[in-house]
Amino acid sequence: MDYIFMDLDGTITNPKEGITKSFQFALHHFGIEITDLDSLCKHIGPPLMDSFMETYGFDEEKARLAAAKYRERFTVEGWQENEVYDGMEQALQRLKEAGKVLIVATSKPEHLAVKILTHFGLDGYFDDICGADSDSSRSKKDEVIRYALEKHEITDLSDVIMVGDRKYDVTGAKKCGLVSMGVLYGFGSREELLAAGADHIAETVEEMAQLLVSL
């Protein structure tokens, strides 16, 4: 497979602190107090609007306001409360040396994904960084994947694999006709990824790179 689409949060970087604290900040605005940040890890992966509507029962208007409050903190502090997974840069280097085309496909706003990867000096490993648009009309994983496929005029779907740590990456890939790989060092469990239909599972960053080079 020549094209590797990669999720960002939980796959390339660990965004736990920034995302959970920004969710805590947004929920506080609505009088919802969360002290256990670990309980907010479930929101790492799905689109913001979906998390606020499905978990807290917000209607669309309230969810948009909550997402705006989240970004109020995340765009200033949260994006920096992040760290690259150990061995990730070496893995990306190995994939590039193997001739793979690397494209980020994330539900995070595209400009923030670019900002984060540039901050960590990883942007140069990727041929493109594709994410959600500013008005959230393109935010679900299958929408981002289709955007990336169309942008790069990729028609042979058998030449593409989607890599991510949550079921959203796997189901998004399936909706677009792609093979998927779930990684276990992020925020999804083996059970979640297999139930979603992941075609491959990698436990570590190193195993992910090894499997991708061999495909």
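The values are calculated or read from the model by the stated rules, or taken from the named source; none is laboratory data. Everything numeric here is computed off the predicted structure, so don't read it as measured data. Reconstructed Cβ throughout: ideal geometry from the backbone, glycine too, with neighbour counts over all protein chains shown. Remember, those area values only see protein heavy atoms, side chains included, never the ligands or the DNA or RNA. Shrake-Rupley method; radii C 1.70, N 1.55, O 1.52, S 1.80 Å.
Which one is farthest from Ala98 (Cα to Cα) among residues in the range 187-215 that are assigned to a loop (DSSP other than H, G, I, E, B) and touching a Phe, Trp or Tyr at 6+ places or on another chain (Cβ under 8 Å)?
Residues of the range 187-215 that are assigned to a loop (DSSP other than H, G, I, E, B), as a first pass: 187-189, 197-199, 203-204, 215.
This time we only want the ones that are touching a Phe, Trp or Tyr at 6+ places or on another chain (Cβ under 8 Å), so: 203-204.
Details: Glu203: 21, Thr204: 19 Å.
If we take residues in the range 187-215 being assigned to a loop (DSSP other than H, G, I, E, B) and touching a Phe, Trp or Tyr at 6+ places or on another chain (Cβ under 8 Å), then Glu203 is farthest from Ala98 (Cα to Cα).
It is to be established whether one or more residues within the range 37-44 are assigned to a loop (DSSP other than H, G, I, E, B), within 17 Å of Gly172 (Cβ to Cβ) and at pLDDT below 95. Yes, the range 37-44 has at least one match. Could you list, in sequence order, all residues of the range 87-101 that are under 19 Å from the mean Cα position of the chain (by Cα) and not aliphatic (A, V, I, L, M)? Answer for the range 87-101, where residues must be under 19 Å from the mean Cα position of the chain (by Cα) and not aliphatic (A, V, I, L, M): Gly87, Glu89. If you go through the range 77-98 and keep only what is part of a loop (DSSP other than H, G, I, E, B) and either of a type in the set (Lys, Arg) or surrounded by fewer than 16 Cβ atoms within 10 Å (Cβ to Cβ) (or both), you end up with Glu77, Asp86, Gly87, Ala98. Can you find a residue that is buried (at least 17 other Cβ atoms within 10 Å of the Cβ) and touching a Pro at 6+ places or on another chain (Cβ under 9 Å) anywhere in the range 168-187? For the range 168-187, residues buried (at least 17 other Cβ atoms within 10 Å of the Cβ) and touching a Pro at 6+ places or on another chain (Cβ under 9 Å): present. Within the range 29-42, residues that are over 16 Å from Ala66 (Cβ atoms) reach partners that are in a loop (DSSP other than H, G, I, E, B) with beta carbons closer than 7 Å, at six or more positions or on different chains, in the pairs Cys41/Phe187.
Looking across the range 18-47, the residues that are touching a Lys or Arg at 6+ places or on another chain (Cβ under 8 Å), closer than 23 Å to Glu110 by Cα and open to solvent by less than 50 Å² (accessible area, probe 1.4 Å) come down to Ser22, Ala26, Cys41, Ile44, Gly45, Pro46, Pro47.
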